[in-house]
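The next block holds one structure in the form of structure tokens; read it before the comments.
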């Protein structure tokens with residue numbers, strides 16, 4: 001019999017890795033009868049409807065650390081409204097599991113169904129923690145009220161362990177759906193679209209335009225790369241999300257100009273054809289020390305693109321230095337540039353892309369993630 005799972009998501013757009021991971025999981029999960037609750041409108045709603053997955057609209061909001069009283073009042077009113085709707089839906093639908101796809105969504109689930117220790121009658125509540133940020137009071141509050149926490153990396157799991165018994169935190173890394181990446185532009189078509197010379201070395205970065213993604217570090221490293229590898233081009237994919245920092249994209253453009261690399265740097269903005277992006281570049285750089293998992297790194301590896309990541313980051317957990325990519329020891333432009341130049345020029349590292357593809361196919365597939373999550377559902381439902 002299929003396990004009935006109600007997924008909660010606090011946004012209805014597919015702009016983030018959490019939402020893309022959710023869609024790919026819904027495609028891959030065996031023996032799950034899924035319904036998704038989220039705000040109305042948005043392309044995530046359409047993605048679910050195209051798959052005949054029932055969608056229930058509710059005014060979930062992002063958890064905010066703002067001290068603005070109006071924002072706090074709106075969030076509290078939303079909590080009260082959604083709590084009643086959630087309880088009625090679960091009672092009527094007979095759901096076995098409520099799976100909160102973010103920390104914000106977990107607050108709604110815990111408020112509606114939370115029990116001390118996460119046990120007792122009613123649905124099992126899962127907190128899918130995808131962030132590597134200080135949790136403050138939210139951590140222990142949620143730990144008392146959810147059945148289990150799923151962390152997307154050891155880095156995220158380590159921040160949860162102080163609040164949970166060991167058997168109530170499990171690490172399940174995000175998986176990647178290779179067929180989605182197989183579609184899209186060819187290498188030649190991507191470069192024509194981005195106005196990049198056909199035979200130029202190209203280094204890519206893909207991330208939302210947010211300061212913590214360290215675009216400035218990447219651009220400064222690119223300036224060093226230009227000195228060592230003249231003719232290299234740099235392409236940045238990623239749009240400015242809702243709630244982004246005003247003026248940040250303009251500051252990055254200005255920085256590229258001051259560094260003297262503007263003529264060799266392309267800002268694509270939001271770029272939905274990630275398969276084409278990966279085919280069009282020769283190496284991917286992800287300079288984010290605080291990255292919890294790094295979905296774009298896993299995708300690039302699945303596509304056979306050599307990668308450079310930062311030591312101590314989520315991606316460094318699955319990128320083996322010198323075997324499936326390079327791990328920069330220090331978050332400095334010179335250190336990062338050294339790794340990028342090695343990927344572009346060292347004949348001894350040409351195997352990294354294929355090694356990365358083999359590793360990703362074996363260990364970072366969405367099918368493997370779905371199997372592990374399905375076993376978790378079955379295990380927590382047997383506790384009832």
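Every read-out reported here was derived from the displayed coordinates using simple, explicitly stated rules and does not represent laboratory data. None of these values were measured; they are calculated from a predicted model. Using ideal geometry, Cβ is built from the backbone for each residue, glycine included, and neighbour counts are taken over all protein chains shown.
Listed values, structure above:
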quantity: Modelled FRET efficiency - R0 30 Å, residue 345 with residue 320, Cβ distances, 0.05 increments; calculated: 0.90
quantity: Global geometry of the range 39-155, whether rounded, prolate or oblate, following the gyration tensor of its Cα atoms and the 1.5 cut on a/c; calculated: rounded
quantity: Paramagnetic label zone (point 7 Å from Cα along Cα-to-C-beta, residue 381; backbone N under 15 Å) in the range 1-32; calculated: 1-7, 29-32
quantity: Length added when fully stretched, residue 200-residue 254, from 0.36 nm per residue minus Cα-Cα; calculated: 17.1 nm
quantity: Per-selection Kirkwood Rh - the range 190-308 (Cα, Å, 1 d.p.); calculated: 14.4
quantity: Isotropic mean projected area of the C-alpha convex hull, the chain (nm²); calculated: 18.6
quantity: Approximate spin-label separation residue 332-residue 363, in nm, with each point projected 7 Å along Cα-to-Cβ; calculated: 2.9
quantity: Calculated P(r) of the range 108-210 - Cα pairs past 22 Å, %; calculated: 51
quantity: Prolate/oblate/rounded call for the range 340-384, Cα gyration tensor, a/c under 1.5 rounded; calculated: prolate
quantity: Residue-averaged 222 nm ellipticity for the chain, from DSSP H runs of 4+ at -39500 (n - 2.57), nearest 500; calculated: -13000 deg cm²/dmol
quantity: Gain in span if fully extended, residue 77 to residue 354, counting 0.36 nm per residue against the direct Cα distance; calculated: 94.6 nm
quantity: Cα convex hull of the range 251-362 - mean projected area over all directions, nm²; calculated: 7.4
quantity: Inter-label distance, nm, simple model (7 Å from Cα along the C-beta direction), residue 2/residue 166; calculated: 3.7
quantity: Overall form of the range 164-238 per C-alpha gyration tensor (a/c, 1.5; a/b vs b/c); calculated: oblate
quantity: FRET efficiency, 1/(1 + (r/R0)^6) with R0 35 Å, evaluated for residue 262 and residue 57 via beta carbons; calculated: 0.20
